[in-house]
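The values are calculated or read from the model by the stated rules, or taken from the named source; none is laboratory data. Small disclaimer: the values here were computed from a predicted structure and weren't measured. Neighbour counts run over all protein chains shown; Cβ positions are idealised from the backbone, glycine included. Each accessible area value is taken on the protein alone, full model and side chains, heavy atoms only, with ligands, DNA and RNA left out. Shrake-Rupley method; radii C 1.70, N 1.55, O 1.52, S 1.80 Å.
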Amino acid sequence: MRIIPISLPTPFYVGPVNVYLIAEEPVTLIDTGPKTREALEALKEGLRRARLRVSDIRRIVLTHAHEDHCGLAKQLRDEAKDAQVFVHAWETGHRAGRLEYEEHRRLLERAGVPAEEVAQMRRMYEGVRQYADALEDHEHAELSDGEEIKFEKGALRVVHTPGHTPGSCSFLREADRTVIAGDCVLKRITPNPILSPDPVDPVRRFHSLAEYLVSLARLRSLSPTLVYGGHGEPVSDYEELFNRYLRAIGERQSEVIRLIPKAGATAWDVALELFPGAGDVHRFLAVSESVAHLDLAHSEGKLAVELSGDGREVYRRN
Ligand SMILES: [Zn+2]
Ligand SMILES: [Zn+2]
């Protein structure tokens with residue numbers, strides 16, 4: 001079973017995205033790229049090099065539902081006629097824009113983000129969502145942890161690796177312990193744990209960074225020999241990356257704790273200190289990053305949190 005990486009252009013800051021073609025029956029595409037003409041052309045060229053066409057695709061498997069990874073899923077599914085789309089049930093972004101949820105507005109307000117900033121983030125997201133078609137419930141099937149995606153020769157095992165998003169999944173080829181990890185593992189950047197409602201209880205927030213640390217350890221327990229990420233080159237030394245991530249996360253956590261003044265601070269205050277120049281979409285990522293680190297520090301007993309009169313969470317050092 002051969003894994004063929006195909007790099008596709010995206011209109012996003014992150015640069016090109018990697019999708020992975022398994023050119024074996026049933027022909028399977030892992031991630032699709034964003035819904036742009038350029039990405040579709042590059043994908044078709046990649047398929048041609050493997051002597052395939054869109055109509056040969058039988059399965060579309062998504063690592064997660066960010067626009068750069070899932071954008072073309074619906075279009076490819078429709079064009080390939082009876083292709084099936086698979087995504088984890090906790091990945092709800094494919095159905096509607098992430099910032100459209102009431103839950104999201106509530107999470108941002110609780111993090112201290114001013115109402116006009118929330119509105120601005122929402123407008124920004126309106127611009128991003130044009131790069132993906134939403135999938136209706138009946139248009140996809142669910143991936144579950146541990147399940148096998150079978151091929152004529154060999155199989156990929158689904159490993160649920162939440163963190164970057166709640167429903168992020170990785171795929172393990174057990175024969176040589178190769179992993180396709182989406183945005184869970186990126187060679188040059190530490191993935192951002194995105195602020196999300198908890199898929200099980202949407203009033204709460206998903207503990208993205210704590211979950212992410214568990215996912216990183218879980219991948220480590222598989223002793224991967226090669227990890228294909230969603231962006232950039234594959235990682236052959238997972239151990240080095242694992243230690244580097246842990247160091248970076250630890251340093252960021254200390255920094256976040258240091259930034260909290262005596263009087264206390266919200267995640268929004270911390271985000272502004274941490275990323276003073278962050279504009280537009282990066283503001284949302286800055287808030288995500290701050291919330292993730294504050295949640296982790298709080299769960300480790302390093303910070304206390306209380307709700308202010310107007311419903312914002314204020315953190316204080318213990
Ligand atoms: Zn992503
Ligand atoms: Zn990505």
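Screening Ser215, Ser196, Ser221 for residues that are over 22 Å from Ile60 (Cβ atoms), of a type in the set (Gly, Ala, Ser), out of contact with any helix residue (DSSP H, G or I) (no Cβ under 6 Å at 6 or more places or on another chain) and modelled with pLDDT under 95 leaves exactly one candidate, Ser196. Scanning the stretch 25-67 for residues being assigned to a loop (DSSP other than H, G, I, E, B) and within 25 Å of Glu91 (Cβ to Cβ) gives a total of 15.
Listed here are the residues, each with its yes/no results for (1) open to solvent by 40 Å² or more (accessible area, probe 1.4 Å); (2) within 15 Å of ligand 2 (Cβ to nearest atom); (3) at pLDDT 95 or above; (4) of a type outside the set (D, E, K, R).
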site	(1), (2), (3), (4)
Gly146	no, no, yes, yes
Phe151	no, no, yes, yes
Arg157	yes, no, yes, no
Thr161	no, yes, yes, yes
Ser170	no, yes, yes, yes
Val179	no, no, yes, yes
Gly182	no, yes, yes, yes
Arg188	yes, yes, no, no
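All of (1) surrounded by fewer than 16 Cβ atoms within 10 Å (Cβ to Cβ); (2) under 25 Å from Gly167 (Cβ atoms) hold for Tyr245 with one exception: (1). Going through (1) within 18 Å of the chain's Cα centre (by Cα); (2) surrounded by 15 or more Cβ atoms within 10 Å (Cβ to Cβ) one by one, Tyr13 falls short only on (2).
What are the residues in the stretch 43-68 that are of a type in the set (Gly, Ala, Ser) and crowded, with 19+ Cβ neighbours inside 10 Å, if any? Before you say what the answer is, go through the steps one by one.
Within the stretch 43-68, the first condition is being of a type in the set (Gly, Ala, Ser), and the residues that meet it are 46, 50, 55, 65.
Once the filter is applied, which keeps residues that are of a type in the set (Gly, Ala, Ser) and crowded, with 19+ Cβ neighbours inside 10 Å, the stretch 43-68 yields Gly46, Ala65.
Take Arg157 and tell me if it is touching a Leu at 6+ places or on another chain (Cβ under 6 Å), under 20 Å from Leu29 (Cβ atoms), away from ligand 1 (no atom under 16 Å from the Cβ) and touching a residue at least 12 places away in the same chain (Cβ under 8 Å). Spelling it out, Arg157 is indeed touching a Leu at 6+ places or on another chain (Cβ under 6 Å), under 20 Å from Leu29 (Cβ atoms), away from ligand 1 (no atom under 16 Å from the Cβ) and touching a residue at least 12 places away in the same chain (Cβ under 8 Å).
Considering the conditions (1) under 20 Å from Leu21 (Cβ atoms); (2) without any contact (Cβ under 8 Å) to a residue 40 or more places away in the chain, Ser221 is excluded by exactly one of them, (1).
Ser221 meets the conditions (1) surrounded by 21 or more Cβ atoms within 10 Å (Cβ to Cβ); (2) more than 16 Å from ligand 2 (Cβ to nearest atom); (3) more than 21 Å from Ile30 (Cα to Cα) in every case but one. The failed one is (1).
Taking the numbered list (1) in contact with a helix residue (DSSP H, G or I) (Cβ under 6 Å, 6 or more places away or on another chain); (2) small (Gly, Ala, Ser); (3) open to solvent by 10 Å² or more (accessible area, probe 1.4 Å) in turn, Gly250 passes all entries but (1).
Quick one: Glu139 ticks every box in (1) open to solvent by less than 30 Å² (accessible area, probe 1.4 Å); (2) among the charged types (D, E, K, R); (3) more than 14 Å from ligand 2 (Cβ to nearest atom); (4) closer than 27 Å to Leu241 by Cβ except a single one, so which number is it? Checking Glu139 against (1) open to solvent by less than 30 Å² (accessible area, probe 1.4 Å); (2) among the charged types (D, E, K, R); (3) more than 14 Å from ligand 2 (Cβ to nearest atom); (4) closer than 27 Å to Leu241 by Cβ, the one that fails is (4).
Taking Thr32 as the residue in question, decide whether it is within 16 Å of ligand 1 (Cβ to nearest atom), modelled with pLDDT of 95 or more and open to solvent by less than 10 Å² (accessible area, probe 1.4 Å). Outline the logic, then answer.
Working: within 16 Å of ligand 1 (Cβ to nearest atom): yes; modelled with pLDDT of 95 or more: yes; open to solvent by less than 10 Å² (accessible area, probe 1.4 Å): yes.
Criteria met by Thr32.
Within the stretch 68-90, residues that are more than 12 Å from Tyr131 (Cβ to Cβ) sit with their Cβ atoms under 6 Å from residues that are hydroxyl-bearing (Ser, Thr, Tyr) and open to solvent by 50 Å² or more (accessible area, probe 1.4 Å), at 6+ positions apart or across chains, in these pairs: Ala80/Ser55.
Criterion first (open to solvent by 60 Å² or more (accessible area, probe 1.4 Å) and β-branched (Val, Ile, Thr)) does Val214 satisfy it?
For Val214, the condition - open to solvent by 60 Å² or more (accessible area, probe 1.4 Å) and β-branched (Val, Ile, Thr) - is met.
Taken together, the residues in the stretch 270-313 that are more than 20 Å from the chain's Cα centre (by Cα), open to solvent by 20 Å² or more (accessible area, probe 1.4 Å) and under 22 Å from Arg204 (Cβ atoms) amount to 15.
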